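Below is one structure, written out as structure tokens; comments come after it.
The values are calculated or read from the model by the stated rules, or taken from the named source; none is laboratory data. Fair warning: this is a prediction, and the values are worked out from it, not measured in the lab. Note that each Cβ is placed from the backbone with ideal geometry, even for glycine, and that neighbours are counted across all protein chains shown.
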Amino acid sequence: MKFEKKPMVNWYDPKQLAFTGMKTVLSSVFGNFADRREMQAALDQEVNPFDYSDKNEMWFDFVSDLGDGFNPTYTLAHTLAQPSIEAEGKTLKRGEFLVMGGDEIYPTPETIEYDNRLRGPYYAAFPKTKDSDEHRPDVYAIPGNHDWYDGLTNFLRLFTQERSLGNWQTRQTRSYFAIKLPHDYWLIAIDVQLNADIDYPQICYFKEIAQKHFTSYTKVILVTAEPAWVYKSFDPKNTSYDRIKFFIERVLFGKGESNYEDKNKSISVTAILTGDLHHYARYEEIHPDNRVRQLITAGGGGAFMHPTNTLLDEIETLDGKKAHLKEVFPSKADSVRLSLLNLIFPYFSVTMLLFFGTLHAFTSWILQTKRYASGDTIMVRLSEIDLFDGGFGAFFSAITESLSHNPGAIFLNVLLFIGLMVFTDIKSYNGKLNYLAGFVHAILHLVNLYVLLWLFSRINLFELGLALDSSGQVILFVVEMILVGGVISGVLFGIYLTFSVLVLKNHITEASSSYRWEGYKNFLRIHLDKDALTIYPIGFKTVVSDWKNIGSDESPKFKGSPAKFSIIEPPIVIKHEIKHDEERITL
């Protein structure tokens with residue numbers, strides 16, 4: 001299929017921010033009045049799990065947070081499509097099915113974005129042909145918040161109508177699903193729609209699965225679209241944590257359900273797989289009976305990289321137990337190093353530079369409409385003040401007098417201040433310190449505006465002797481304020497993001513989406529046999545960036561340098577032993 005190769009999304013493009021914000025509001029309103037999950041259940045009332053249990057062993061893959069820039073998305077798609085890969089002397093076979101764990105598209109789920117950022121790259125990496133293997137792999141997906149921004153319309157068209165994603169075949173009929181695996185393992189994937197409660201038809205679907213199909217020795221791999229345990233550690237008030245706990249206890253374990261509670265009380269949720277944070281991180285939760293639950297975030301399918309240095313080494317988990325951080329990718333040291341790129345924020349976000357600079361120039365223009373009793377404007381007044389010779393009192397007097405009875409300038413100042421305060425991340429970790437950092441950040445932008453207004457007035461009118469109303473002075477001042485003012489505001493913004501992510505441990509998305517790092521991607525390759533479930537986390541420190549189309553526009557085929565990957569950490573082995581002729585997890 002024909003598609004356009006896209007760069008990484010520029011999240012600091014004001015137009016993009018406005019459009020995404022509008023989509024977020026509309027999707028929230030839509031979700032309150034018409035939940036697509038309920039309509040799915042009404043159209044498909046059968047509860048049939050997808051069954052792969054007739055095998056003695058099998059492989060399957062997990063990838064999340066994809067559909068962004070072409071280079072990382074295609075690098076992972078190309079690797080996933082290979083019949084097998086070699087990693088540290090091990091041959092890892094392509095999965096019989098691929099699970100996409102949320103946010104299949106960025107920034108918003110228009111058809112054109114799905115085509116350019118997901119369908120096109122995956123089709124080119126693994127094209128469907130007339131002689132394709134009839135046993136070609138399947139693909140399943142749950143939506144993340146970005147998939148929900150159109151009410152799930154295009155997600156459902158792509159994944160629930162038995163269409164192809166390249167040579168992967170879609171099979172699901174809802175935005176959530178259950179897969180029966182060999183050796184009494186189940187993969188349960190839920191749709192948590194924009195932090196909303198899990199809908200009643202979805203609960204009924206999984207309750208029927210748990211009641212009719214689970215045994216006393218069932219082991220569950222739970223797939224969800226967000227790492228609730230991490231978000232709870234960031235913000236004690238985060239409610240996604242409670243929804244996952246409710247689902248495990250009430251739906252899977254059957255707590256309070258007399259018809260299957262006793263049977264399911266000994267089942268195990270051995271692993272929870274998720275994305276939403278665009279890195280690899282594994283927490284290990286140990287239960288009193290020595291059972292272990294792996295909590296794995298693997299959101300490295302193509303989107304910008306999230307930092308790992310903000311992750312706590314120990315957190316409280318779903319059952320009130322403690323979980324310990326075992327591995328991260330990138331390392332915390334590399335995460336800190338990359339976060340320092342925010343210090344050159346203007347380089348990555350020219351549009352924000354121009355936004356700040358234009359706002360400063362426009363505010364300065366509005367200030368010129370207020371004249372003093374002498375008839376002078378603020379620029380004339382400021383040009384006569386020497387801040388280096390004790391002129392601070394006169395400087396503040398000139399500013400306050402100019403602002404008095406000038407509602408237009410006051411409004412723009414307040415708008416800038418409130419906008420930066422609202423931007424402040426107040427939910428993570430440090431409480432009042434976050435407010436203080438946001439306040440200082442906002443004040444510094446206003447200080448920047450007025451200091452530059454004085455500086456350019458002094459240079460243009462006093463040092464260069466230009467007439468206030470001359471075209472040369474007006475043009476010079478506008479250019480100075482937009483370029484210099486924009487750059488300094490951009491640097492201030494970058495310093496604030498750097499301080500936030502390194503010291504306050506917040507703004508993790510804002511401070512990583514700014515530099516749009518293509519590297520540090522990952523996916524999980526999982527093997528299940530009679531002895532154990534083994535998870536191989538595959539990491540790409542860098543992705544291929546020299547892809548060239550050697551096919552046609554209609555049937556593209558890309559060739560580039562070999563993809564370089566490795567196993568992030570030793571394989572995670574979850575063994576099971578035989579008891580009473582049944583398989584029982586002993587973790």
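Here are a few things to note about the model shown:
- Cross-chain or 6+ apart pairs with Cβ under 8 Å, segment 327-351 first and closer than 21 Å to Ile296 by Cβ, then of a type in the set (Lys, Arg) and not in a helix (DSSP H, G or I): Glu327/Arg282; Val328/Arg282; Pro330/Lys541
- All conditions but one from (1) of a type outside the set (S, T, N, Q); (2) farther than 19 Å from Met58 by Cα; (3) surrounded by fewer than 21 Cβ atoms within 10 Å (Cβ to Cβ) apply to Glu96; the one that does not is (2).
- Only one of the numbered conditions (1) modelled with pLDDT under 90; (2) outside the structural domain of Ser240 (by TED's automatic domain parsing) is not met by Ile286, and that is (2).
- Count of residues meeting criterion [surrounded by 14 or more Cβ atoms within 10 Å (Cβ to Cβ), not β-branched (Val, Ile, Thr) and not in a loop (DSSP other than H, G, I, E, B)] in segment 523-555: 11
- When restricted to residues that are under 29 Å from Gly300 (Cα atoms) and not polar (S, T, N, Q), segment 208-235 contains 15.
- Among the residues of segment 366-392, those that are of a type in the set (A, V, I, L, M, F, W, C) and touching a residue at least 40 places away in the same chain (Cβ under 8 Å) comprise Ile366, Leu367, Ile378, Met379, Val380, Leu382, Ile385, Leu387.
- Filter result for Leu524 (within 20 Å of the chain's Cα centre (by Cα) and within 30 Å of Leu92 (Cβ to Cβ)): yes
- Condition check for Ala141: touching a residue at least 40 places away in the same chain (Cβ under 8 Å), touching a Lys or Arg at 6+ places or on another chain (Cβ under 7 Å) and among the small types (Gly, Ala, Ser): no
- Search result, residues across segment 423-477 that are among the polar types (S, T, N, Q), under 19 Å from Ile495 (Cβ atoms) and touching a Phe, Trp or Tyr at 6+ places or on another chain (Cβ under 8 Å): Thr424, Ser428
- Test: residue in segment 129-144 that is outside any loop (DSSP other than H, G, I, E, B), over 27 Å from Trp547 (Cα atoms) and at pLDDT below 90: no
Condition check ((1) within 30 Å of Gly494 (Cα to Cα); (2) modelled with pLDDT of 90 or more; (3) among the β-branched types (Val, Ile, Thr); (4) assigned by TED's automatic domain parsing to the domain that holds Ala563) across all residues:
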site: Thr224; (1), (2), (3), (4): no, yes, yes, yes
site: Trp229; (1), (2), (3), (4): yes, yes, no, yes
site: Ser233; (1), (2), (3), (4): yes, no, no, yes
site: Val251; (1), (2), (3), (4): no, yes, yes, yes
site: Ser258; (1), (2), (3), (4): no, no, no, yes
site: Lys263; (1), (2), (3), (4): no, no, no, yes
site: Ser266; (1), (2), (3), (4): no, no, no, yes
site: Gly275; (1), (2), (3), (4): yes, yes, no, yes
site: Met305; (1), (2), (3), (4): yes, yes, no, yes
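- Annotation note: of Tyr205, Tyr217, the sole residue that is modelled with pLDDT under 95, more than 29 Å from Ala125 (Cβ to Cβ) and either touching a His at 6+ places or on another chain (Cβ under 9 Å) or not assigned by TED's automatic domain parsing to the domain that holds Phe60 (or both) is Tyr217.
- Any hit, segment 421-443, residues being modelled with pLDDT of 95 or more, closer than 17 Å to Leu382 by Cα and under 36 Å from the mean Cα position of the chain (by Cα): no
- Only one of Ser335, Ser331, Ser339 that is among the hydroxyl-bearing types (Ser, Thr, Tyr), surrounded by fewer than 21 Cβ atoms within 10 Å (Cβ to Cβ), modelled with pLDDT of 95 or more and closer than 30 Å to Gly519 by Cα: Ser331
- Leu483, sole failed condition from (1) at pLDDT 95 or above; (2) under 30 Å from Ser233 (Cβ atoms); (3) part of a helix (DSSP H, G or I): (2)
- The conditions of being surrounded by 23 or more Cβ atoms within 10 Å (Cβ to Cβ), in contact (Cβ under 8 Å) with a residue 12 or more places away in the chain and in contact with a helix residue (DSSP H, G or I) (Cβ under 6 Å, 6 or more places away or on another chain) are met by Tyr176.
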